[in-house]
Amino acid sequence: MCGIIGFTGRLDAVDVLLHGLAELEYRGYDSAGIAFFDGPAVDTIKTAGKVQILADKVERNHPKNIHCGIGHTRWATHGGVSDLNSHPHTAGQVTLIHNGIIENYMHLAAGMAAEGIYPVSQTDTEIAAMVINSFYEGDPIEAIRKAVKKLTGAYAFCIMFADRPGTIYSIRNGSPLVASHFKDGSVIASDMVALLRYSKDYFVVPENHIVVLTEEAITVEDLEGNQIRPEMLHVSWDVSAAQKGGFPHFMLKEIYDQPEALRNTIMPRITDGMPDLTQDGIPDELFTGCSRVILSACGTAMHAEMLGRNMMERLLRIPVSVEIASEFRYSNPIVDDKTLLITVSQSGETADSLAAIRLVKERGGKTLSVVNVKGSTIARESDYVLYTHAGPEIAVASTKAYSVQVAALYLIAFHWARITGKCTDDQVRALVEEFIHLPEHVSEVLSHDADIKAISQKLIDCHDLFFIGRGLDYALSCEGSLKLKEVSYIHSEAYAAGELKHGTISLISDNVPVIALATQKDVYAKMVSNIREVRSRGAMVIMLTGYDMPTEYGLCEHQIRIPKCSDIFAPILMVPILQFLAYYAAVGRGLNVDQPRNLAKSVTVE
Ligand code: F6R
């Protein structure tokens, strides 16, 4: 939610900011802006619309010899999408950009109004700039220190003071920031992808610390003025991993990344044919000592957990629940010291998922997170973390992150079943043997791209669509439906196939597409009946089945089969098909697949 970048150094700062904003645009694309020192003056160029519109506006203004500046791409929360509400915002000596929400901004604005000071925009961010400015008497650090005591909510700020050319100040609480000093200067941003052109070494800005960036160095100090040395991290992937690599969209590229992402996530955790989480530093006692398991996350990550729950309950025979993180935290959940919360998150920054972790820790439970972004807040705040290795996921719609999240949860289930004796070594070995070959089978599924594209053309003009499935297929239907909705804007619903007749079947009429997932042998006959029910009401059925499921005449319009595998692994082979359907339906409708309207990739607000 909002991407921010700051740079000071020997390079052309405008170029650095615009490149960075293009990399960060997945975080929000309602408006964009930059501010920079042009000699002793601070200039701001901002606009509603995408980074390209900003770049065109910047080009017309021709700023030259700029070496220090800040840039922002916005996902609007407080204040509509307009030039005026775009960041950066200026109040007196202070110009800043912000990612997050200042929750008490109304109260602060009322205080300012009492002194006859009014904002020009409708944003909470401008109020923050006014608060910092009100404390500014020539010492930026002191002003920031005093101001943050007044602010509640989440924030990452990059701040320039008009009389401090060449220096950027920064502080964060809740919202992400990473920074790096390299040979040509210092750079700070919401996400490592924006730093990658300059350095692979970076640090996560510690919360509630003031960071000062100059061409020569970056310093970090706590609010008491004690300097600290943050731990340096290194990214193993290179800049090409965050580029389209010849694909027309990131989403398509990331669908194709899945075999490698799965391999990278699974293989380092297999030793002698058995799951092994020792390199993750996760002790067996975490699993043996718990009697209640809660899986909590949002959106796609939560759908991955639905599959994870099924696998855990199947193998472990202990109750596992899946909780929508935004609901969980307000549900006064029952948590004790025998509760294990497993949080799944691609970004590691999702505000609701993070809040669930904090709540469980407060109540004495243990926390394990499955996270893609190294050093992210969720990773750091959880007791233990298992990193997925999907590489950077840039398209707003999550694809490869989902597959590796499912794989990671399966791995945990296998390991847990083994150490608790719920499965014998031979049983686990057999599961792992098939599991490690999944990436090859996913590649095979991907080779059917063109066939799936052809079928997706049937969806382009429809208004409503239904996904149905049972068991694991129902869990996967939820993800298929979400993917289609978010990128193609076609309304769709995922239904447990047996539930349809309890109301929703009234929506099935002539040619309404129904995508029926039927890979699970134990419920296949039931699925066939459910498919017949919708067929007889005119539905156009696209059936996704296992390699050897019998086909009955007239059961469906189209059938796609996945390669041979045990039923429990079918979702991992099936998901690329659902992703292709969503992708090609969206492309067919002429939409911006990588940046669907109203969305942002990293949801750092509640
Ligand atoms: C959908 C999607 C979202 C995210 C959700 C959680 O394609 O990407 O539903 O899955 O916002 O995000 P993370 O995984 O970053 O916590």
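The values are calculated or read from the model by the stated rules, or taken from the named source; none is laboratory data. Bear in mind that the values here come from a model prediction, so they are computed numbers and not experimental data. Note: ideal-geometry Cβ built from the backbone for every residue, glycine included; neighbour counts use all protein chains shown.
Which of the residues that make up region 201-223 are part of a loop (DSSP other than H, G, I, E, B) and touching a helix residue (DSSP H, G or I) at 6+ places or on another chain (Cβ under 9 Å)?
Taking region 201-223 as the starting set, the residues that turn out to be part of a loop (DSSP other than H, G, I, E, B) are 205-208, 214-217, 223.
Selection gives GLU207, ASN208, LEU223.
Listed by first and then second residue, the pairs with beta-carbon distance under 6 Å, at least 6 apart or on different chains, first residue in region 363-387 and within 15 Å of ALA297 (Cα to Cα) and of a type in the set (Gly, Ala, Ser), second away from the ligand (no atom under 14 Å from the Cβ) and outside any loop (DSSP other than H, G, I, E, B), are SER382/THR367. Considering SER236, SER240, the condition of being within 30 Å of ILE452 (Cα to Cα), out of contact with any helix residue (DSSP H, G or I) (no Cβ under 6 Å at 6 or more places or on another chain) and away from the ligand (no atom under 16 Å from the Cβ) is satisfied by SER240 alone.
Looking at region 159-167, is at least one residue buried (at least 24 other Cβ atoms within 10 Å of the Cβ) and under 28 Å from ALA600 (Cα atoms)? Within region 159-167, one or more residues are buried (at least 24 other Cβ atoms within 10 Å of the Cβ) and under 28 Å from ALA600 (Cα atoms).
Which residue is modelled with the highest pLDDT, if the candidates are limited to region 315-344 and must be of a type in the set (Ser, Thr, Tyr) and within 13 Å of the ligand (Cβ to nearest atom)? Write out each step before concluding.
First pass over region 315-344, keeping only residues of a type in the set (Ser, Thr, Tyr): 321, 326, 330-331, 339, 343.
So of that shortlist, the ones also within 13 Å of the ligand (Cβ to nearest atom) come out as 326, 343.
Details: SER326: 94, THR343: 98.
In this case the residue turns out to be THR343.
Applying the criterion of being over 20 Å from THR604 (Cα atoms) and of a type in the set (Ser, Thr, Tyr) to the residues of region 307-344, the residue that is surrounded by the most Cβ atoms within 10 Å (Cβ to Cβ) is THR339.
For ALA401, are the conditions met, namely being more than 23 Å from ARG172 (Cα to Cα), within 11 Å of the ligand (Cβ to nearest atom) and either hydroxyl-bearing (Ser, Thr, Tyr) or modelled with pLDDT of 95 or more (or both)?
Numbers: more than 23 Å from ARG172 (Cα to Cα): yes; within 11 Å of the ligand (Cβ to nearest atom): yes; either hydroxyl-bearing (Ser, Thr, Tyr) or modelled with pLDDT of 95 or more (or both): yes.
So ALA401 passes the test.
For region 284-304, taking the residues that are touching an Asp or Glu at 6+ places or on another chain (Cβ under 7 Å) and part of a helix (DSSP H, G or I), the one that is surrounded by the most Cβ atoms within 10 Å (Cβ to Cβ) is identified as HIS303.
Does ALA525 satisfy the condition of being farther than 18 Å from LEU446 by Cα and not in a loop (DSSP other than H, G, I, E, B)?
Details: farther than 18 Å from LEU446 by Cα: yes; not in a loop (DSSP other than H, G, I, E, B): yes.
Taking the combined requirement at face value, the residue satisfies it.
Considered as a group, the residues in region 257-283 that are surrounded by fewer than 17 Cβ atoms within 10 Å (Cβ to Cβ) and hydroxyl-bearing (Ser, Thr, Tyr) include one that is nearest to the ligand (Cβ to nearest atom), and that residue is THR278.
Applying a threshold of 9 Å to beta carbon distances and a minimum spacing of six or more residues, or different chains, the list of pairs starting in region 227-246 at a residue that is over 25 Å from ILE171 (Cβ atoms) and ending at one that is among the hydroxyl-bearing types (Ser, Thr, Tyr) and at pLDDT 90 or above reads GLY245/TYR256.
Among what's in region 574-604 and is within 11 Å of the ligand (Cβ to nearest atom) and of a type in the set (A, V, I, L, M, F, W, C), pick the residue that is surrounded by the most Cβ atoms within 10 Å (Cβ to Cβ). Before the answer, list the steps.
Here is the first cut: in region 574-604, the residues within 11 Å of the ligand (Cβ to nearest atom) are 579, 582, 596, 599-604.
Now restrict to residues that are of a type in the set (A, V, I, L, M, F, W, C): 582, 599-600, 603.
Numbers: ALA582: 29, LEU599: 15, ALA600: 23, VAL603: 20.
Per the criteria, the residue is ALA582.
Among the residues of region 184-218, those that are more than 29 Å from the chain's Cα centre (by Cα) and more than 21 Å from HIS19 (Cα to Cα) comprise GLU216, ALA217.
Could you tell me whether region 316-334 includes any residue that is part of a helix (DSSP H, G or I), within 20 Å of LEU386 (Cα to Cα) and in contact (Cβ under 8 Å) with a residue 60 or more places away in the chain?
So in region 316-334, the residues part of a helix (DSSP H, G or I) come out as 316, 325-328.
The next check asks that each one be within 20 Å of LEU386 (Cα to Cα); those that pass are 316, 325.
Going one step further and asking which of them are in contact (Cβ under 8 Å) with a residue 60 or more places away in the chain, we end up with 316.
For region 316-334, residues part of a helix (DSSP H, G or I), within 20 Å of LEU386 (Cα to Cα) and in contact (Cβ under 8 Å) with a residue 60 or more places away in the chain: present.
Quick check, is ARG537 within 16 Å of the ligand (Cβ to nearest atom), in contact (Cβ under 8 Å) with a residue 12 or more places away in the chain and either surrounded by fewer than 15 Cβ atoms within 10 Å (Cβ to Cβ) or over 29 Å from the mean Cα position of the chain (by Cα) (or both)? So ARG537 does not fit the description; no. Every listed requirement among (1) touching a helix residue (DSSP H, G or I) at 6+ places or on another chain (Cβ under 8 Å); (2) within 14 Å of the ligand (Cβ to nearest atom) is met by SER443 save one, (2). Every residue in region 297-314 that is under 14 Å from ALA407 (Cα atoms) and more than 11 Å from the ligand (Cβ to nearest atom), please. Answer for region 297-314, where residues must be under 14 Å from ALA407 (Cα atoms) and more than 11 Å from the ligand (Cβ to nearest atom): MET306, LEU307, GLY308, ARG309, ASN310, MET311, MET312.
Each row is one residue, and each column tells you yes or no for (1) outside any helix (DSSP H, G or I); (2) more than 20 Å from the chain's Cα centre (by Cα).
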{"site": "MET1", "(1), (2)": "yes, no"}
{"site": "ILE4", "(1), (2)": "yes, no"}
{"site": "ASP15", "(1), (2)": "no, yes"}
{"site": "LEU18", "(1), (2)": "no, yes"}
{"site": "TYR26", "(1), (2)": "no, no"}
{"site": "GLY33", "(1), (2)": "yes, yes"}
{"site": "ASP43", "(1), (2)": "yes, yes"}
{"site": "THR47", "(1), (2)": "yes, yes"}
{"site": "LYS57", "(1), (2)": "no, yes"}
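So is ASP461 surrounded by fewer than 23 Cβ atoms within 10 Å (Cβ to Cβ), within 19 Å of MET274 (Cα to Cα) and without any contact (Cβ under 8 Å) to a residue 40 or more places away in the chain or not? Here the answer is no, as ASP461 does not meet what is asked.
Under the condition of being away from the ligand (no atom under 14 Å from the Cβ) and among the hydrophobic types (A, V, I, L, M, F, W, C), which residue from region 345-380 is nearest to VAL605 (Cα to Cα)? Filtering region 345-380 for residues that are away from the ligand (no atom under 14 Å from the Cβ) and among the hydrophobic types (A, V, I, L, M, F, W, C), the one nearest to VAL605 (Cα to Cα) comes out as LEU359.
From the list ALA128, ALA91, ALA76, the lone residue that is surrounded by 17 or more Cβ atoms within 10 Å (Cβ to Cβ), within 30 Å of ASN226 (Cβ to Cβ) and in contact (Cβ under 8 Å) with a residue 40 or more places away in the chain is ALA91. You will find that of ILE97, ILE53, the residue that is modelled with pLDDT of 95 or more and in contact with a Pro (Cβ under 9 Å, 6 or more places away or on another chain) is ILE97 and no other.
Can you spot a residue in region 419-430 that is at pLDDT 95 or above, more than 16 Å from the ligand (Cβ to nearest atom), β-branched (Val, Ile, Thr) and in the same structural domain as ARG561 (by TED's automatic domain parsing)? Step through it out loud before you land on a result.
First, the residues of region 419-430 that are at pLDDT 95 or above: 419-430.
In the following step, the residues that additionally are more than 16 Å from the ligand (Cβ to nearest atom) were identified as 419-430.
When the remaining residues are screened for being β-branched (Val, Ile, Thr), the result is 419-420, 424, 428.
Retained after the next criterion (residues that are in the same structural domain as ARG561 (by TED's automatic domain parsing)): none.
Looking for residues that are at pLDDT 95 or above, more than 16 Å from the ligand (Cβ to nearest atom), β-branched (Val, Ile, Thr) and in the same structural domain as ARG561 (by TED's automatic domain parsing), one finds none in region 419-430, hence no.
Considering only residues that are within 13 Å of the ligand (Cβ to nearest atom) and of a type outside the set (D, E, K, R), look in region 388-398 and name the one that is nearest to VAL370 (Cα to Cα). Reasoning before the result, please.
Narrowing region 388-398 to residues within 13 Å of the ligand (Cβ to nearest atom): 388, 390, 392-398.
Right, trim to of a type outside the set (D, E, K, R) and you get 388, 390, 392, 394-398.
Details: THR388: 7, ALA390: 12, PRO392: 15, ILE394: 18, ALA395: 20, VAL396: 19, ALA397: 18, SER398: 15 Å.
Out of the qualifying residues, it is THR388.
Between SER86, SER82, SER121, the distinction of being touching a Lys or Arg at 6+ places or on another chain (Cβ under 6 Å) and in contact (Cβ under 8 Å) with a residue 24 or more places away in the chain belongs to SER86 only. Quick check on region 370-402: of everything there that is touching a strand residue (DSSP E or B) at 6+ places or on another chain (Cβ under 9 Å) and charged (D, E, K, R), which residue is surrounded by the fewest Cβ atoms within 10 Å (Cβ to Cβ)? This residue is ARG380.
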